[in-house]
Each structure stands twice: as structure tokens, then as C-alpha cells.
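Here the structure is laid out as C-alpha cells; the discussion comes afterwards.
The values are calculated or read from the model by the stated rules, or taken from the named source; none is laboratory data. The structure presented is a predicted model; accordingly, all values stated were derived computationally and were not measured. All Cβ positions, glycine included, derive from the backbone under ideal geometry; neighbour counts span all protein chains shown. The accessibility values were calculated without ligands, DNA or RNA, using every heavy atom of the protein model including side chains. Shrake-Rupley method; radii C 1.70, N 1.55, O 1.52, S 1.80 Å.
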Amino acid sequence: MREVLGPLVAGWRKGGTAGLATVVRTFESAPRPAGASMLVTPDGDVVGSVSGGCVEGAVYELAGQVVADGTPVLVRYGISDDDAFSVGLTCGGILDVFVEPVSRKTFEELDAVRDDIENSRPVGVATVIDHPDSGWTGRHLVVRPHGFDGSVGSERADRAISEDAQGLLAAGRNSVLIYGPDGERRGEGMRVFVNSFAPRPRMFVFGAIDFAAALTRLAAFLGYRVTVCDARALFATPARFPDADEVIVAWPHRYLAEQLAAGLVDERAVICVLTHDPKFDVPLLQVALGAPQVAYIGAMGSRRTHDDRLRRLREAGVGESDLARLHSPIGLDLGSRTPEETAVSIAAEIIALHWGGGGEPLGRLGDRIHHDDLAEPASRAGSTPGGL
């Protein structure tokens with residue numbers, strides 16, 4: 001829902017009804033993850049995507065029907081029949097898509113959810129996507145780390161769902177949960193999709209250089225909250241980094257230490273050291289490598305710079321196990337030349353590390369394209385990572 005939130009709330013505030021389609025489960029090589037959304041606005045415009053183009057036409061028609069009759073629908077799209085030109089996924093994947101009408105009447109908490117997301121406060125939306133009593137289907141529970149708003153139909157169900165959803169929210173994960181009709185944990189009959197909106201993961205870019213400007217643009221596109229930090233006030237300016245969420249003038253190692261001490265660096269954080277100047281990057285990497293686990297630590301420089309950097313870090317007392325966490329020289333071998341191409345190589349390494357990719361051309365591989373181990377359709381529940 002994050003990707004369509006702006007136009008969704010705009011129509012909601014005007015009193016209109018939109019059709020919101022959300023991927024709630026995926027199987028095999030599905031093109032979009034759980035949580036991906038497509039919106040049909042009250043004016044009939046389309047925002048977002050649930051399949052990258054395979055089934056959008058059918059979903060558009062279904063959204064119009066849902067808005068017209070007010071009845072939410074859970075539908076599965078599987079492999080298409082090429083001979084019959086039927087709607088489906090040519091990639092061979094399977095999507096479960098929940099299509100619901102969204103208005104002030106059906107989702108009165110939407111504006112508060114928008115406020116949480118835009119202010120980087122963790123919030124989750126639990127939606128009943130299937131229930132023996134159709135009156136429950138489409139009801140929402142808005143879950144926060146220490147409470148919830150709304151109701152799906154009973155106190156027992158609200159309590160069970162909120163407790164489980166808080167766990168998913170803490171992990172930044174989306175999932176379908178299964179309960180009995182009144183929230184019984186050992187029962188079946190009610191399925192609830194939890195869409196977790198954790199704060200954006202942070203990327204720290206140290207070194208206010210042209211490569212940093214290119215990386216900042218790409219990182220913002222990928223959904224990171226980007227901080228650029230450099231001790232040189234002449235170069236670290238918002239005008240030079242318009243895509244950064246914040247530009248900080250400070251000694252990099254001191255700033256990172258302050259952020260760590262304040263608890264503002266979590267396991268999703270990415271640290272990119274682009275200064276390739278020992279007086280900046282050695283003390284900075286000492287702090288970064290001595291910190292709790294983060295998603296990625298990379299440092300720019302030539303092979304010679306890398307070897308000299310490792311020598312200085314060892315002399316400063318950094319152990320081999322910590323040095324093994326350092327990705328240097330930063331990025332994948334793409335033959336990059338320009339700052340923009342280098343930014344792509346850095347982002348590619350971060351993505352490959354996150355999802356377990358090997359960086360090989362897909363045409364050379366015989367395995368599945370997607371690396372996440374999702375459940376088969378016969379299983380009781382499925383989940384996918386969330387947070388970007």
C-alpha cells in the first residue's frame with residue numbers, strides 16, 4: 001500500500017471510494033511480492049502494479065466491480081493458458097490478490113496510518129481477507145508496537161491478531177495468518193493479511209563526492225532513508241544532494257558513533273564509505289565494524305587503497321572477523337566507469353547480499369529467479385520479507 005498511499009488518501013479525503021488490490025500471497029516465480037498494491041482511484045486512474053502487467057487488466061475490471069457492489073474479493077491468478085489467451089502469469093507463478101473498496105466508511109483509520117508511515121513510525125494493517133461470515137471480510141485492525149485501533153469483529157480475534165501482528169511488525173514482515181472464525185489460534189476459517197510498514201531502512205553515505213550524489217539518487221529510488229555526511233561544509237550541502245533526506249556536516253566517525261549510541265542504526269542499515277581518505281575512513285570503519293551487525297558495510301577505493309586500509313585497521317586493533325564484514329573495494333564487477341554506473345554496482349552488491357543472489361547473469365543459471373523460499377499453495381500460511 002505504501003506505493004499507492006498518496007492518491008489513495010487523496011481520494012479518501014474527498015469522500016470517494018477507490019478499489020485497492022493487494023498481493024497477499026505468492027508462490028513459485030511470482031513477479032511482485034506480498035504487499036505490492038494496485039489502486040484504481042475514484043476517477044478511474046490506475047496507480048501501482050500487482051504483477052508487472054500480466055493480470056492488471058483483469059484486476060482493473062474486478063476493482064470496478066468491488067467499488068460498485070462494496071464486496072471485497074480474494075482471487076488467485078495462476079499460469080495463463082496461451083491457447084485460450086486466458087488471464088494469468090506467463091512466468092509460471094501464482095498470486096493471491098485481495099481487492100477491496102476503500103473509503104471513509106470501510107477504513108476510517110487510513111489517515112492515521114498515512115501519518116505513521118510518512119513520519120517513519122512502525123505501523124501494520126491487518127485485513128481479514130477470508131471468513132465464513134462475509135461481514136467480517138475486509139475489516140481492518142491497525143497495529144502499532146504497543147497497541148491497536150479498530151476491530152475485525154470480536155475482542156478475542158482482535159487480541160490474537162494484534163499480538164501476532166506486533167511480532168511481524170517488529171520483524172518488518174508481511175504474512176497471511178490463519179485463525180478460527182473467532183480468532184481461535186488452533187482453528188481455521190479466517191485468514192488475515194498483515195501488511196507491515198516499518199520505517200525505511202537507513203543508508204549512510206560518507207563522503208560528499210560525485211559518486212555519493214549518484215548513489216544517493218539511486219538509494220532514494222530503492223526506498224532508503226539516506227544520510228550524507230562529510231566533515232567539509234563546503235561540499236556537504238543540501239544543494240549538492242537534493243535526494244538525501246539529510247546532509248550532515250560532522251566528522252564521520254563521531255556522527256556514526258552518536259547514531260549508534262542513540263539506537264538509530266538497526267540491522268537493516270547500510271553504510272557506504274566513499275571518502276577513500278585514511279584520516280576519515282579508518283576511524284569511521286573502526287566504529288562501523290565494531291558496531292552490532294548491520295546489513296552492509298562497504299568502502300570505496302583501489303586495490304592499493306584497500307590493502308593500505310586493511311593494514312591501518314589491523315594496526316588500530318580491528319580483528320579479522322570484523323574485517324571479514326567489510327565489502328571492499330565496494331560494489332560488483334560491472335565494468336562501471338561513471339558515478340551513476342558505480343552507484344548501480346554498489347546497489348547491486350547490496351541487493352545480492354540481502355536476497356542471496358550471486359551476481360551472475362540469469363541466463364546462465366538454471367535455478368529459480370527469486371531466492372526467497374516461499375510456501376507452496378497447499379501450506380497454511382506464507383510470508384515474505386518487508387521494510388524497503
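Within the bounds of segment 272-283, is there any residue that is within 21 Å of the chain's Cα centre (by Cα) and at pLDDT below 95? No, segment 272-283 contains no residue that is within 21 Å of the chain's Cα centre (by Cα) and at pLDDT below 95. Residue pairs whose Cβ atoms lie under 9 Å apart, separated by 6 or more positions or on different chains, with the first residue in segment 183-195 and more than 22 Å from Ala171 (Cβ to Cβ) and the second open to solvent by less than 60 Å² (accessible area, probe 1.4 Å) and basic (Lys, Arg), do not occur.
Selection within segment 1-18: residues that are part of a helix (DSSP H, G or I) and of a type in the set (Lys, Arg). The member of this set that is nearest to Asp115 (Cα to Cα) is Arg2. Total residues in segment 253-282 satisfying the condition of being open to solvent by 30 Å² or more (accessible area, probe 1.4 Å), part of a helix (DSSP H, G or I) and touching a residue at least 12 places away in the same chain (Cβ under 8 Å): the figure is 4. The set of residues in segment 331-341 that are within 25 Å of Ala291 (Cβ to Cβ) and either assigned to a helix (DSSP H, G or I) or in contact (Cβ under 8 Å) with a residue 60 or more places away in the chain (or both) is empty. Does Phe241 satisfy the criteria of being open to solvent by less than 50 Å² (accessible area, probe 1.4 Å) and either in contact with a Cys (Cβ under 7 Å, 6 or more places away or on another chain) or modelled with pLDDT of 95 or more (or both)? So Phe241 fits the description; yes. Restricting to segment 340-357, name every residue that is open to solvent by less than 40 Å² (accessible area, probe 1.4 Å) and at pLDDT 95 or above. Listed by number, the residues that qualify are Thr342, Ala343, Ser345, Ile346, Ala347, Ala348, Glu349, Ile350. Checking each residue in segment 192-213 for being of a type in the set (A, V, I, L, M), under 30 Å from Arg159 (Cβ atoms) and surrounded by fewer than 23 Cβ atoms within 10 Å (Cβ to Cβ) picks out only Ala198.
One residue stands out among those in segment 153-186 that are open to solvent by 20 Å² or more (accessible area, probe 1.4 Å) and part of a loop (DSSP other than H, G, I, E, B): the one that is farthest from Arg139 (Cα to Cα), which is Arg186.
For first residues located in segment 287-307 and assigned to a helix (DSSP H, G or I), partners that are among the charged types (D, E, K, R) and lie 6+ apart or on another chain with Cβ distances below 8 Å form the pairs Leu289/Asp322; Leu289/Arg325. Only a single item in (1) open to solvent by 40 Å² or more (accessible area, probe 1.4 Å); (2) more than 19 Å from Leu39 (Cβ to Cβ) is not met by Val128, and it is number (1). Of all residues in segment 116-152, exactly one satisfies the criterion of being of a type in the set (Ser, Thr, Tyr) and outside any loop (DSSP other than H, G, I, E, B), namely Thr127. Return a yes/no flag: does segment 314-330 have any residue that is open to solvent by less than 30 Å² (accessible area, probe 1.4 Å), closer than 27 Å to Arg200 by Cβ and assigned to a loop (DSSP other than H, G, I, E, B). Yes: one or more hits.
How about segment 31-43: which of its residues are over 17 Å from Phe197 (Cα atoms) and open to solvent by less than 10 Å² (accessible area, probe 1.4 Å)? Within segment 31-43, Leu39 is the sole residue that qualifies.
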